[in-house]
Amino acid sequence: MAFPATRLRRLRKTRGIRDLVRESHVSPAHLVQPMFVLPGDSREEPVASMPGVSRLSVDRAVAEAQHLHELGISAVLLFGLPEDKDETGSGAWDADGAVQRAVAAIKAETPALTVITDVCLCAYTSHGHCGVLDRQGDVDNDETLELLARTAISHAAAGADAVAPSDMMDGRVGALRAALDEDDFPNTAIVAYSAKFASAFYGPFRDAADSAPASGPGVAEDRRGYQMDPANAREAVREAQLDVEEGADIVMVKPGLPYLDVIRRVRDAVDTPVAAYNVSGEYAMVKAAAAAGYLDERAAVTETLLSLRRAGADIIVTYHAKDFATWNQ
Ligand code: PBG
């Protein structure tokens, strides 16, 4: 039956009808707030390219995490900054590192908040790459696996509910699962950054985490040798399927908004929960446009998060989590 018998506007007529027929929903319970933790005490350093986001020392991070939990946000994703960097990124598995101390302190203060840790070496290596370099300056996949496993174990030992490898080495989910099981952490979940693209939208994050890759003689030029080509969607599905086979509990697509088709394809291809990462550059664009008065921030953020849910994301990692939860109290 077509027009005039069919009129789709009938179900858009009132707010009540629209509420009744809405297909996708987003609430703070679907959201994960990323946080950057620093060594030291009473430190709070705003990230210039990400208005509203600060790097926090552990004491401040604990208070912030408690506040996020009270707002109804389900989880935090922790990134750490080390005191010192070296060639292998050894600060990443320091039992006394900022992330390890933050995990333990947050779980002690707010046990009901899920704590996920980012597992990668890029903020800890002097060259800023996500793994160790071989003689040619390429990131050595298999040598890196062991260091990632060590890092994941240190996070699990501190009490992390889940570890999230974001390095894009082949075989890292299997390596982490085996290492966690062997060290008696069978219940620590793995959130795999399965389809992580070599994206221009990570720029502000690299300011926040001080993790921009170096380039020059003997060092891989950028992350394209390990992160995915933005042109590839079939390959993203293979990445997700392999990670599920290797033991991933949740798979993730990253960035979010420019990759809605990839989120949908991954959602249809696997049966684990799917997360989407609404990354730093996506956040910075909205913040900048809102500050300039070019768009309504609350409406734009709500539409963005809803779009990610509609595309198939069960979970959204987003720097907007705190604002969204505050608006919806
Ligand atoms: C580390 C990592 C990155 C992000 C999350 N984990 C940066 C990168 O790969 O360069 C990006 C997050 C964001 O932009 O919000 N490998």
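For the reader, a short list of remarks on this structure follows.
- Residue within the range 105-116 that is out of contact with any strand residue (DSSP E or B) (no Cβ under 6 Å at 6 or more places or on another chain), in contact (Cβ under 8 Å) with a residue 40 or more places away in the chain, within 13 Å of the ligand (Cβ to nearest atom) and not in a loop (DSSP other than H, G, I, E, B) present: no
- Check on A63, part of a helix (DSSP H, G or I) and either free of Cβ contacts under 8 Å to residues at least 40 places away in the same chain or under 20 Å from V317 (Cβ atoms) (or both): yes
- Among the residues of the range 269-285, those identified as more than 13 Å from the ligand (Cβ to nearest atom) and touching a helix residue (DSSP H, G or I) at 6+ places or on another chain (Cβ under 7 Å) are A269, V270, T272, V274.
- Scan of the range 184-220 for residues that are free of Cβ contacts under 8 Å to residues at least 40 places away in the same chain, hydrophobic (A, V, I, L, M, F, W, C) and farther than 25 Å from D86 by Cα, ordered by number: F185
- When the test is whether a residue is over 14 Å from D210 (Cβ atoms) and within 16 Å of the ligand (Cβ to nearest atom), L31 passes it.
- The range 252-311, residues that are among the small types (G, A, S) and more than 27 Å from V163 (Cβ to Cβ): A288, A289, A290, A291, A292, G293, A299, A300, S307
- Qualifying position, being hydroxyl-bearing (S, T, Y), touching a residue at least 12 places away in the same chain (Cβ under 8 Å) and either assigned to a helix (DSSP H, G or I) or under 21 Å from S211 (Cα atoms) (or both), among S24, S42, S49: S49
- Positions within the range 76-104 being in a helix (DSSP H, G or I), out of contact with any Ser or Thr (no Cβ under 7 Å at 6 or more places or on another chain) and closer than 19 Å to V191 by Cβ, in sequence order: A102
- Counted residues, the range 263-278 - those being touching a residue at least 40 places away in the same chain (Cβ under 8 Å), in contact with a strand residue (DSSP E or B) (Cβ under 6 Å, 6 or more places away or on another chain) and either in a loop (DSSP other than H, G, I, E, B) or among the acidic types (D, E) (or both): 1
- Being away from the ligand (no atom under 16 Å from the Cβ) and out of contact with any Leu (no Cβ under 8 Å at 6 or more places or on another chain) is a property that G97 lacks.
No value in this document is a laboratory result; all are computed from the given coordinates. Small disclaimer: the values here were computed from a predicted structure and weren't measured. Reconstructed Cβ throughout: ideal geometry from the backbone, glycine too, with neighbour counts over all protein chains shown.
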